[in-house]
Ligand SMILES: NC(=O)NCCC[C@H](N)C(=O)O
């Protein structure tokens, strides 16, 4: 099967998601901020909510791929396993002695268990239950419940770490330390998993190699007509966007990138926390966003990039022009600014379109959902009482790999 995502709204055919698991049980009031969660999740409820999310996707015709299963299958390839284990367990990360012990344990595990360990992390006690330990300074200076390998609870947000842009995929270098190890899993999956290996898909970015040129998928929207909207945000840097632009332009599939200059704060960490596309030429937008300055990037002479700066008030006309239409339909829920801020915080603007005019959103954002329904959008409500505690909604929790083209 081919892979292609040439819009935000074409009928969704295939998507990668991650069912929350044991990694969530590592969250504590003490470490949650560092791990980028605002609260502790009730895991069983979060799983029920996520299963509902997955079921809606399947019922509407999308093939759901689970990240943890893709990872387990990838680990069956010896080269992929070494690639990941060399990166995760080495003398720099664990010290030479503990690295040897934990690596030996990792090598001995069935792949599904190893995939879980890589995502959930491992404590000293869990390691010593299963190995004879080692004379390790690192282990000797740890409490039993300390984590030798930290968990990756933000794998829940599959959109961010890799994102498909037209016919290729960008494996992203992540801004926050708590998410940086996620990238190695995607590097291995896209390189060695039988579904992707040998499929000749262009890599718009190869992962960790991008270093500080970070781009996170929540900032990238494939609006169609060869155009891409990217937030310059708390997470996505200008150098990341410029690097991506030069690769996309060389690839010949993208003719225009609109960089939106966002304020750098957690509530609006990615572009998809404040606006998402819900239908042809139609966006749902957080009421207090206002309009933002944008920069248009186009292929220039001699492999260069031509950059035009646009005033804030031109934001929507710039996007409309990129789509080849006269005017955007911008749906802003009429509500007071407290309600707007609350619904934005709870991912009211973070919708996942599974077809033109059909979106998944959290059920809790009652004003926004009603307003969108009143404007002809079919709203499929996903329970999000627990899932939302990680500050991401249906758009963040999905990495589309295949969408049908949208008719003109
Ligand atoms: N696209 C998104 O906005 N993703 C949500 C990411 C939430 C996650 N806890 C983070 O802070 O990275």
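Output the residues belonging to segment 233-255 that are closer than 11 Å to residue 295 by Cβ and touching a residue at least 60 places away in the same chain (Cβ under 8 Å). Of everything in segment 233-255, those that are closer than 11 Å to residue 295 by Cβ and touching a residue at least 60 places away in the same chain (Cβ under 8 Å) turn out to be 242, 245.
The sole residue among 67, 114, 36 that is within 16 Å of the ligand (Cβ to nearest atom) and within 19 Å of residue 188 (Cβ to Cβ) is 67. Name every residue in segment 152-180 that is buried (at least 24 other Cβ atoms within 10 Å of the Cβ) and farther than 24 Å from residue 229 by Cα, in order of residue number. Matches in segment 152-180: 153 only. Could we say that residue 194 is part of a loop (DSSP other than H, G, I, E, B), within 24 Å of residue 231 (Cβ to Cβ), away from the ligand (no atom under 16 Å from the Cβ) and assigned by TED's automatic domain parsing to the domain that holds residue 269 here? The answer is no for residue 194. Within segment 136-146, at least one residue is within 30 Å of the chain's Cα centre (by Cα), loosely packed, with under 14 Cβ neighbours inside 10 Å, free of Cβ contacts under 8 Å to residues at least 24 places away in the same chain and over 27 Å from residue 73 (Cβ atoms).
The values are calculated or read from the model by the stated rules, or taken from the named source; none is laboratory data. Bear in mind that the values here come from a model prediction, so they are computed numbers and not experimental data. No Cβ is skipped: glycine too gets one built from the backbone with ideal geometry, and neighbour counts run over all protein chains shown.
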